[in-house]
Structure formats: C-alpha cells, structure tokens
Number of protein chains: 2
Amino acid sequence: MTDTRDFSLSCPIPKTDYPTVLLAHGGGGTLMQRLLETVFFPTFQNEILDQHHDAAVFPVPHGRIAFTTDSYVVNPLFFPGGDIGSLAVHGTVNDLAMSGARPLALSAGFILEEGLPMETLERVVRSMQAAAAQVDVPIVTGDTKVVDRGKGDGIFINTAGIGIIEHGLEISPRSVREGGAVLINGDLGRHGIAILAVREGLAFETAIESDSAPLADLVQQLLQAGLRIQCLRDLTRGGLASALNEIAEVSGLTIALDERAIPVREDVRGACELLGFDPLYVANEGRMAAIIDPEDVDNALEIMAAHPQGQGAAVIGRVTSRAAAPVVMTSRIGSSRIVDRLSGEQLPRIC
Amino acid sequence: MTDTRDFSLSCPIPKTDYPTVLLAHGGGGTLMQRLLETVFFPTFQNEILDQHHDAAVFPVPHGRIAFTTDSYVVNPLFFPGGDIGSLAVHGTVNDLAMSGARPLALSAGFILEEGLPMETLERVVRSMQAAAAQVDVPIVTGDTKVVDRGKGDGIFINTAGIGIIEHGLEISPRSVREGGAVLINGDLGRHGIAILAVREGLAFETAIESDSAPLADLVQQLLQAGLRIQCLRDLTRGGLASALNEIAEVSGLTIALDERAIPVREDVRGACELLGFDPLYVANEGRMAAIIDPEDVDNALEIMAAHPQGQGAAVIGRVTSRAAAPVVMTSRIGSSRIVDRLSGEQLPRIC
C-alpha cells in the first residue's frame, strides 16, 4: 500500500494467498495488491482511506494542528498488555495528546521482513485497528515495504499523526512556572518490565502487563474542565526522570519530587531491584506527567480518578526556582538526591 | 529524536562522538541527545522544529489537507542522481503534489542499524535537508530508533507529509473522463535502472542517473494556470503501466497509449533490453502522468517545457470508453497490445 489509492482497487488479484510475506508483497504489483485487499483494506476501512489517491485528503478546521511521528521496533512483537500494533497507535496518539491536540488521523508505514508469517501481520494489523477504533482515530493512509530476510526483524511500524488544537493554552515546557504542581496519571515502570520479562524469559509471581494505553481522551477531559495545564509529557523512553529533566532544562526551573508519592507497584519495584533498574528511568506507554496550576490540583485528581487512564493518579512534586539540579528528589528516608538524565540506555527496542 | 522536543535541549551531553551508531543512540538518554544536537538539529533547523514538544504545532489555513506517508528502504543508500535521503523527501512531496496539494511540512522517522558509520548518517541527513530546502518544506518533527546489528540494513527512513489543497478541483481517478489527454513530464525508467546498475555492478557507456526530483512546484504551476487537471499520478513502484492500470480500473475507462510517443532514453532502453525489463514497468521518482482536458494540452506542454521537471514532456495517450482492457497500447509497428498490471515484482527495494 504505497498510498491510500492502493487500498481499494478492484483489479485482478492472484488467487493464491501465501503463508508468509514475500519480497514481491512490497513490489507494487499484483501480490502487493492482494495484501492490501485481504489484510489492510478490510481491517482499516474508513471513508478517507477509500479515496483512491496518493494522499489522504480531508477537511480540517482553521487553527493550529499538531503533527508527530514515531517508528516502532519493539522486540518482541507481542508482550503482556499489548503488541507493536497497539503500541504504534497509543504512542503516536499520546504524542499528539501531549500538545493538547485532539487526534484526527493516523498514517501507517510498514517495513516487513521477507518470511514474516502472514498470520503475524494480520494479528498486528487487527490490533492496530482495535486501538485506533478505541480512540476513534482513522488510519487514513499507509505504505508497505518488504526487505530481504535478515535485513529487518519481522515488523517495523511507523505511525505519523495529525491532531487539531482547540484550546488557547500554550502547553509547553516554556509555560512551566514556579509553584506548578507535578502530577502523574498512574504507576510507573510496567511497560519496560513487561517487555524485559518476555525477552529474558523471566517469570514473576504475577504477570506484569504493559501500561500501554491512549491518553488523548483523558487530556481532552482535563482541557474541557478548564484546567490551567502548563505542560504535558508522556513518560516513554528514559521514563519519568528523562521527561522531567527535559522540561526542567527548557524552563530553567527545578522539579522537586517526593519519592514516597511516586506510585510503583510492588511487583514492578521487586523486578526493578532484581534487574538493577530504577523505575524512574523505565519506559511507560500510558503514563504522562502533567504540570498544572496548583489551584487546579483537586479538580485534576478528581477527573483522573474517574477515568480508566487515571487510576492511581498522584501529585508527585512541584516546580521551584532552580536548585542544585534540574530535577531533585526527597527520598523515602528524607534525604535529597539529584535525579539525573539517563546516560546511555537501559533497554533497547522498548518501543 | 523521539519528538521535536528532543532536537533542542541544552542538557549536558557526552563529550565523545562515536564513529558509528550504537544501540544507545536510540535509547532516550544522553547519547541520543548528542546525536540530535550534533546531527539532526543543526541540519534540519527551523522554527517549528524548535518548539520543544512532543508534536510539532503550526497553523493551517481552513480547508482540505492532504496527508501521506512512505517508508524508504532503497538499496544501495547512494546511487547516481540521489540517495535515500533525497528520495525520502521527493517521494513524499510528490505524493502530496499528486492531489494538487502544496506541501507544508514533513516528518522524518529513522530506523538505524547498530554499527552504521556516523558519516553515512550525516551525509543522508544533509541530503534530506537539501532536498527539503529545495522545495521549501521544513522537516518539523522526527524520531530515531536503533536496531541491533543484522536486524536492519543501514538506514530506513519514513517520511510523512502534510499539504494544503488550495484549488477546487477533484484531482482523482474518479474525475477522469473520456477524451482526457494523458501526459507525462519526461523520459521513463531512469530511477530503476540507476539503482540496478549500482546494485549489480553494471557499467553502461554513460552513467544512468535517477530521475529523482520534486514535482510539487510543477504541479502548482499547472494549477495556477487554471488547467483542468482530472488526475495526477507519480510513476513509482510498478512504473507507468501500473499507475495507468490503477487509474483506468477506478475510472472504468480505458487508457490508450501510443508507444512511439513515450520518451525513453536510448541508454535506458538498451539497459532494459539487456536486463529483460520493460521500461513501462520500471520505477521513476520524478515522473508523473497527468490526465487533463484535451483543450488544455498546449498550455500544459508549454508550462512543462519551461520547467526543470518538465523537460521531455509528451502527450502519450488518451482516455477512451472501456476497450479490450484498462490499458492498451499501439506499438511502434502499429499493432495493438494490452498493457497489464505488473505481476509480482521487478526490482525489490527500489525506493
């Protein structure tokens, strides 16, 4: 599906379905057409996709739009709580949500490895569509490439997203002000640990599921309640610590955390200790930090507590004038420490 | 650069530059930051990119927007007439242009293989920026992932693009009408043959360079002249034959070609004969078919002839009621043949 047009042709297509992806499925001929007709088109179907053209065309209201992209190379493709397909929708929808945008449309670019079982592709595509339908955002344009065996790794997915900004706030690290309250919408560390557990064959007493989830609806509810949101940030690669460091550095202020207030499940904390990870640096895929005016904290917590993606919401810190470092934390035993930016990496191919 | 925000941080970054890409360059920590600060940010720099946020935010005029995506996995990364970087800009800009959209912004998602020479990445990124600057379209948001050695192939790039449609035409296969004139903007087959020549180590008397080029400006000129454009289509994977089959199938009409009118350079024709390819099916990256009202042909040819991307423009056929097949061709010796859709593939990883 080099383009939307490819999804909907009615030309003669081969009678045979292949059990695995062939190089020819990316070649622009009848086999690619067959793949579109049997897998992508029926699954993603929507009015815009059905335009038969090189680009999806749709009206947008006048105003500011948000535009973002992410490629997903997570290994393994399937993990407790999600898979590369749902992740590719949640991650990009969440990037749009972090600017306060209402997501309008997604694109989907697939890079498939020759030999990929067709069943695996179908499972991923169905999962993408389910995740997109959950947030009511159509996948309106797409592309498929196939690379030779050993030159890819099953499936890589890129999603780009467009959203519309319907509020007047400047949601940005530059809007962060001294006194701002720092909230998160739930417990930390589950996505990274869920991936690692599968990858390393680790078994914990209870299965740790990824927190992968879409945050756009929760953000819309916070905006509609008139909350004065200064900044939003999803807590993906590099976790909470990296996100807050970025915000604090841009704002020139310090974020002071209270370790006791940061929710981490006991099983996740145990897994982190076992594996030598700090949950503050572990990737999440359904968690955000929200910095808001302190007067709005009660209202925000109430909205979050009533929302599926806000269970376990907490105030974890506040914004101060620049202290010893961009991010500092009062530990459980009352001592103060600097929370640095992650150097190097903890977990490769987490998303 | 998971997001635009990553491009512009001023945190402490490692003093050492690495000669090759490491897994940690995609990990969300200081090494990724260093890559952004030294390679992506200074090269792509523009106001929107500099917003420090999860998504690029910019105003759009009220109206219809066009949205498209393509992943690029071309092998080799560099070829006569272009490279994966310029191709990733041209291809997506051209997809926007084919709906008559004026391109507004591009995203760039990189999937890098561990061990990629940093110099190679820098060369590709510079080439992308040069191509983007040529068409005056900023790269406003991006993402970088790194996969383990042997799980990728140097560089894969996804670009998505947003454009604005400022005309009232419905440029689409559904707008194609009997009597429409079929034009192309230049000679066929150079991109595919240029790639193959490098890949197979073939030497021809003269170097055959890819035709990779941006078509948005040419299309804007045709629109501004008030031409009644029915349909536009770029002639990428599957070449002219596949593109015209798609259009003819959707429209329910037949496109009748005149082989003598289709420009193919002698060296390209020779290479095709040698290699067993038909130039009608070979991929181009700077060529389009334009179906327009017959009264506008002279005007269109004049505009094309005066444009760098329209040298060699020609009328190659016309739209008729449905004949023996969706696409038919009168050969040089006067016989008629059916021009089928490409079955399977000719050249893998051509774009």
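The values are calculated or read from the model by the stated rules, or taken from the named source; none is laboratory data. Keep in mind it's a predicted model, so treat the numbers as computed, not measured. Neighbour counts are summed over all protein chains in view; Cβ atoms, including those assigned to glycine, are modelled from backbone coordinates with ideal geometry.
Yes/no matrix, rows are residues, columns are (1) touching a residue at least 40 places away in the same chain (Cβ under 8 Å); (2) more than 27 Å from A:V21 (Cα to Cα); (3) out of contact with any His (no Cβ under 6 Å at 6 or more places or on another chain); (4) within 14 Å of chain B (Cβ to nearest Cβ):
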{"site": "A:S86", "(1), (2), (3), (4)": "yes, no, yes, no"}
{"site": "A:A97", "(1), (2), (3), (4)": "yes, yes, yes, yes"}
{"site": "A:L106", "(1), (2), (3), (4)": "yes, no, yes, yes"}
{"site": "A:F110", "(1), (2), (3), (4)": "yes, no, yes, yes"}
{"site": "A:A132", "(1), (2), (3), (4)": "yes, no, yes, no"}
{"site": "A:D136", "(1), (2), (3), (4)": "no, yes, yes, no"}
{"site": "A:V146", "(1), (2), (3), (4)": "yes, no, no, yes"}
{"site": "A:R177", "(1), (2), (3), (4)": "yes, yes, yes, no"}
{"site": "A:I193", "(1), (2), (3), (4)": "yes, yes, yes, no"}
Yes/no for B:L223 being within 28 Å of A:I48 (Cβ to Cβ) and either within 14 Å of another protein chain (Cβ to nearest Cβ) or assigned to a helix (DSSP H, G or I) (or both): yes
Check on A:A325, surrounded by fewer than 16 Cβ atoms within 10 Å (Cβ to Cβ) and modelled with pLDDT of 95 or more: no
Scanning region B:61-75 for residues that are in contact (Cβ under 8 Å) with a residue 12 or more places away in the chain and either among the basic types (K, R) or over 20 Å from A:L112 (Cβ atoms) (or both) gives B:P61, B:G63, B:R64, B:I65, B:A66, B:F67
A:G286 - would you say it is surrounded by 21 or more Cβ atoms within 10 Å (Cβ to Cβ) and either within 13 Å of another protein chain (Cβ to nearest Cβ) or part of a loop (DSSP other than H, G, I, E, B) (or both)? yes
All-but-one check, B:H307 against (1) more than 23 Å from B:V327 (Cβ to Cβ); (2) of a type outside the set (A, V, I, L, M, F, W, C); (3) modelled with pLDDT under 95, failing number (3)
Restricting attention to region A:307-326, does a residue exist that is touching a Ser or Thr at 6+ places or on another chain (Cβ under 6 Å), of a type in the set (D, E, K, R) and outside any strand (DSSP E or B)? yes
Return yes when B:R237 is within 14 Å of chain A (Cβ to nearest Cβ), closer than 23 Å to B:A131 by Cα and assigned to a strand (DSSP E or B) and no when it is not. no
Exactly one of these conditions fails for A:A203: (1) surrounded by fewer than 20 Cβ atoms within 10 Å (Cβ to Cβ); (2) on the phi > 0 side of the Ramachandran plot. Give me its number. (2)
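Here is a yes/no grid of residues against (1) charged (D, E, K, R); (2) surrounded by fewer than 22 Cβ atoms within 10 Å (Cβ to Cβ):
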{"residue": "A:P42", "(1), (2)": "no, yes"}
{"residue": "A:L49", "(1), (2)": "no, no"}
{"residue": "A:V57", "(1), (2)": "no, no"}
{"residue": "A:Y72", "(1), (2)": "no, no"}
{"residue": "A:G81", "(1), (2)": "no, yes"}
{"residue": "A:E114", "(1), (2)": "yes, yes"}
{"residue": "A:V135", "(1), (2)": "no, yes"}
At pLDDT 95 or above, buried (at least 19 other Cβ atoms within 10 Å of the Cβ) and at the interface with another protein chain (Cβ under 9 Å from one of its Cβ atoms): is that true of B:T68 in this structure? yes
Taking B:R349 as meeting all but one of (1) at negative phi; (2) within 14 Å of chain A (Cβ to nearest Cβ), write down the number of the exception. (1)
Hey, can you tell me all the residues within region B:148-169 that are without any contact (Cβ under 8 Å) to a residue 60 or more places away in the chain and surrounded by fewer than 24 Cβ atoms within 10 Å (Cβ to Cβ)? B:R149, B:G150, B:K151, B:G168
Is it the case, given these coordinates, that B:V264 is over 25 Å from B:A324 (Cβ atoms) and either free of Cβ contacts under 8 Å to residues at least 40 places away in the same chain or more than 14 Å from chain A (Cβ to nearest Cβ) (or both)? no
